[in-house]
Amino acid sequence: MGGREEVKEGGDGGHQVATAELRERLRNSVQERGWTEVELAWILDCSTPFVRNLMVDPVVTSELALRLEAAVGIEAEAWRDREPDHDLRFLRARLAGELLLVRRRAVRVHELRDEH
């Protein structure tokens, strides 16, 4: 690697951040918040098996990058690559309501932990 970020070709034709880096970023984000895979699945509005697979082999689409941004606060571009993704702007507007729900569920998980 030698200081250079490894990229792989994504299924949508765009580049994605190297799998190992994504996996580490995702695991760190989840661990910092003390979330389980079940909680992350609920927050992201995904199935638990999907999240389990994501933790092992993260393939991050533009939509998932936006959901992760809403959940953990790391910009969607960091989940994809360093280049601006013009689709993200369009998707961010289209998914605004769903992304708000993701943010609310992330806060709710935190609140529930504080209650116990």
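The values are calculated or read from the model by the stated rules, or taken from the named source; none is laboratory data. Computed from a predicted structure; not experimentally measured. Neighbour counts run over all protein chains shown; Cβ positions are idealised from the backbone, glycine included.
Determine whether Leu99 is at pLDDT 95 or above and of a type in the set (A, V, I, L, M).
Judged against the criteria, Leu99 is a match.
Going by the conditions given, is Leu88 in a helix (DSSP H, G or I) and crowded, with 18+ Cβ neighbours inside 10 Å?
Against the criterion (in a helix (DSSP H, G or I) and crowded, with 18+ Cβ neighbours inside 10 Å), Leu88 qualifies.
May I ask you to list the residues in region 53-73 that are in a loop (DSSP other than H, G, I, E, B), more than 18 Å from Val38 (Cα to Cα) and without any contact (Cβ under 8 Å) to a residue 40 or more places away in the chain?
Gly73
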